[in-house]
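For reference, the structure discussed in these notes is given below.
The values are calculated or read from the model by the stated rules, or taken from the named source; none is laboratory data. Note that the structure is a prediction, hence the values are computed from the model and not measured. Glycine gets a Cβ as well: all are built from the backbone with ideal geometry, and neighbour counts include every protein chain shown.
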Amino acid sequence: MEQYLEFSGIGKAFPGVRALDDISFRASSGSVLALIGENGAGKSTLLKIMSGDLQPDQGKMILNGEEVTFSSPLDAMKKGISVIYQERQLIPSLSVAENIFPGALPRNKFGLLDKKKLREDTKKIIDRFGLSINPDVPVGTLSVAHQQMVEIMKAYRRHSDVIAFDEPTAPLTDTEIDILFRFIKTLKDDGKIVLYVSHRLAEIFQITDEIVVMKDGKFVQTVRTAETNEQEIVKAMVGRDIGDTYASLSRNDKFGDVLLDVKNLSSPYVDNVSFQLHRGEIIGFAGLVGAGRSEVMRAIFGADPVLAGEFSFDGQPADFKSPKDAIDAGIALCPEDRKEQGLLLFRSIKDNVSAPVVDKLSSSIFRNPKLEEEIAQSAIDKFSIKTPNSEKICLELSGGNQQKVILGRWTSPLVDTKLLILDEPTKGIDVGTKQEIYQMVCDLAKQGYGVIFISSELTEVIGVSDTIIVMHNGHVTGRTTRDENPTEESILAMAMLD
Amino acid sequence: MKENRFEKFTKSKMFTLLILLVLEVVVFTIWSGIKQGSNTYFTFKALTTVINTMTVPGFLAVGASFLMISGNIDLSASSIGAFAGMFAAASIQYYHFTWWAAILVALVISGAFGFFNAILVNEFRFQPFIATMAMSSVVKGLMSFVSMDPKAAAPVATTITLNPNMLDWFGASPTDALNFLGKKVFFQGQVIEIPFNIILLILAFVIYGVILKKTKFGMKVYLVGGNPMAARLVGVNPKKISYILFTNSAIMGGIAGVIFTSKTLQGSSQALMADMFTGLTAAMLGGISFGGGAGGMGGAFIGLLITRAFNQGMLAINAKSFVTTAFSGLLLIVALTIDFASARSTTARALKGV
Ligand SMILES: Nc1ncnc2c1ncn2[C@@H]1O[C@H](COP(=O)(O)OP(=O)(O)OP(=O)(O)O)[C@@H](O)[C@H]1O
Ligand SMILES: [Mg+2]
């Protein structure tokens, strides 16, 4: 018998926002259903309702003909629903096996933990997915991708009928994404109901069978993936045609003098990195996660110590002792991890946007609420951040909108920047806004800014950058320019060099 | 969905706290009425006591609040306070300092202890808990040196009793200075004199409240407490803030200690013993998060009132002292539970929120 999960008239409101409005559709077993929509469309909210984290205001969920309600995530899990979020929910100090079998650890006849059986059972699951992970190592020592696999195996072990993914590929590299997709395929073949949320359309066309489009909390349409194409989907999502993302960018073609000159830079995490960035130039940094790209930037920004080598900025030898020095000199860094290093989740949008310029906004010891409001409002407008007002705390924003707050923070007119470092700036951002961000980056270059653009999405690095630097294991392993027409393959090849 | 100011206020934490305070007063009034035959709680005399016992834990709460908002804690403030009180008494009694010089030096030394706390935490990377607990012990030891009477045969003293009128400017007794600053308020047909130190305390709460909410520094305190890593990346110097706040906490402790001495005309090694506890409870009851980044001075003030009203209530119902101690602990547990529960639900949301 075919199994299914049906949503019927689901509604959910937050103060000032109608996050979900009369959502109805059905997801069937043995197929992967994509859930797409702009930032703030309500995708994550729907998954949280599915996982028992939030209760719907209206509507019901029907699992295989029976209405289900979940009082908590644990309850939902017991009833066969697992949601895998971008942020891991594993216990880093426990082993892989212990994380996969929480609360269900096998006991021997003395009632003690049966380590041997635990290891064997775990090994079985790991083999089922064709991985080579040691069941005994602490989860915290695994790569982000493998941690995610552990979460999926945990859901699998629970015999969940429904497994949903919320933007799972954002922290993964291309090879890791392949592994994930194999995983998803395995789940599908095992007859699970799989829901998949992502802003990366290429992925959606690669692995899903059906697409549900949402807009402003409403259901727009369901289509079979095989019967549609990217343009149609984007149009349904954004409400307009966006054309060819990269070809339509209006670029800067005149570079100025050297803005940043890095010579043999070494920090605790990178070794002997050299490159030059001109005013008006966009340098893309490509490489696998962990290649050391962010670490180069942290060293330049004064966040990590420089062990050897030197760099000059804006014609001056630079020796930044702290990020403050770098900011004062005119460098802005949008960090990759928005929750750990970027946002103050419990503060308002206003506080978050004005944080780096709070000293500039007034000359006395007091803050300047009027200017703070003004720059917050301009960030909200510039990036169309979906929020009722600037007082909303960032925790309550959707993932993509949180990312926009960070971008807004560092591109506010009061930040006196010459060099903008963007570390994975489009993480979790919807297609329409992505294009606006690319154009914004090009516009900044035209105004004479130097831009460093780090991304794990190769198409994006290739599409936006004038120069591409490829890193692997803390070293620069290759560089190429736009004129050389780099391809994903050519860059990937450089990223694997030692 | 615009809501007016009143509606907004009724949904605020402040409102909940006020309700809690009122409830507490009502419960103790009735309880004491039942137990003692008549209301011994909601009286003029009790109010005077509440006010008179508020200042010392109050100043500790001010210092603790700021530190806690920035994500730190100082357990040594009360010992530093006791030291400062003892020092002030000794320097007046044995070395004939004038009162203001005695206070000034006591506060400078307090500040130095706080600065040292900051060094331990920032440079040697000790847990603030451990560092300040060790500091507390060191300070208590040093206190014995200070309290020695250079001319006496058995020099170590646990208390130094001062001649009246030596510290009267600060004191609670109606003197010239008090008549000048003490306001007269009518209550139940009687006159209550508000001592100068209470005015100082209220001033401190107002000033620190303004610093927190309106100044650049205050914003940075919140940023550091909310997410030190992110704060550093937007150009805030968490170390600098930590130095300032540890020093400040110790000075607040010093002020509390000096006020204790001026009120009791005594320097005592037992001074401020229970007050650290009260100060921290007050701050946490007022919504200042143990984890940092949240809360404000208004809440802390109401938290202070709640703890004082509670202690007074225990007196009014004639509770045995061990019962009072146990219930004070319970109050702290309640405060911590509120803090953890809200922190847990918010961090849980933060973890899952995508
Ligand atoms: N806890 C909350 N409190 C208040 N508003 C919230 C809360 N959670 C979500 N919202 C609001 O609900 C709306 C939908 O958010 P949701 O996270 O579901 O969007 P999303 O489709 O997942 O977006 P993204 O693609 O950016 O991740 C947003 O406007 C968001 O601000
Ligand atoms: Mg989302």
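All but one of (1) surrounded by 20 or more Cβ atoms within 10 Å (Cβ to Cβ); (2) within 15 Å of ligand 2 (Cβ to nearest atom) hold for A:Leu395; state the number of the condition that does not hold.
All conditions are met except number (1).
Contact list please: Cβ distance under 8 Å, first residue in segment A:155-180 and more than 14 Å from chain B (Cβ to nearest Cβ) and farther than 23 Å from A:Ser132 by Cβ, second residue within 16 Å of ligand 2 (Cβ to nearest atom) and assigned to a helix (DSSP H, G or I), pairs at least six apart or on different chains.
Matching pairs, first to second residue: A:Val162/A:Met50.
Regarding segment B:9-17, can at least one residue be identified that is over 26 Å from B:Gly292 (Cβ atoms) and at pLDDT 85 or above?
The answer is no; no qualifying residue exists.
Restricting to segment B:270-320, give me the number of residues that are on the phi > 0 side of the Ramachandran plot and among the hydrophobic types (A, V, I, L, M, F, W, C).
So the count comes out to 1.
So is A:Leu414 part of a loop (DSSP other than H, G, I, E, B), within 14 Å of chain B (Cβ to nearest Cβ), out of contact with any Phe, Trp or Tyr (no Cβ under 8 Å at 6 or more places or on another chain) and more than 16 Å from ligand 1 (Cβ to nearest atom) or not?
In short, yes.
Filter segment A:19-50 down to residues that are out of contact with any Lys or Arg (no Cβ under 8 Å at 6 or more places or on another chain), more than 8 Å from ligand 1 (Cβ to nearest atom) and not aliphatic (A, V, I, L, M) and give me whichever is nearest to the other protein chains (Cβ to nearest Cβ).
Filtering segment A:19-50 for residues that are out of contact with any Lys or Arg (no Cβ under 8 Å at 6 or more places or on another chain), more than 8 Å from ligand 1 (Cβ to nearest atom) and not aliphatic (A, V, I, L, M), the one nearest to the other protein chains (Cβ to nearest Cβ) comes out as A:Phe25.
Kindly indicate which of A:Leu397, A:Leu414 is within 17 Å of the chain's Cα centre (by Cα) and of a type in the set (A, V, I, L, M, F, W, C).
A:Leu397
Can you go through A:Gln221, A:Gln231 and tell me which one is outside any helix (DSSP H, G or I), surrounded by fewer than 17 Cβ atoms within 10 Å (Cβ to Cβ) and not aromatic (Phe, Trp, Tyr)?
The unique qualifying residue is A:Gln221.
Among A:Asn401, A:Asn352, which is the only one that is within 30 Å of A:Glu230 (Cα to Cα), part of a helix (DSSP H, G or I) and either at pLDDT 90 or above or away from ligand 2 (no atom under 16 Å from the Cβ) (or both)?
Unique residue meeting the criteria: A:Asn401.
Quick one: what pairs do we get from segment A:209-227, first residue in contact (Cβ under 8 Å) with a residue 12 or more places away in the chain and more than 15 Å from ligand 1 (Cβ to nearest atom), second part of a strand (DSSP E or B) and among the basic types (Lys, Arg), C-beta under 6 Å, 6+ apart or different chains?
Close Cβ pairs satisfying both conditions: A:Glu210/A:Arg224.
Filter segment A:458-490 down to residues that are surrounded by fewer than 20 Cβ atoms within 10 Å (Cβ to Cβ) and within 23 Å of A:Gly428 (Cβ to Cβ), then give me how many there are.
Of the residues in that region, 3 qualify.
Based on what the data block shows, is B:Thr55 crowded, with 23+ Cβ neighbours inside 10 Å and within 23 Å of the chain's Cα centre (by Cα)?
Here the answer is yes, as B:Thr55 does meet what is asked.
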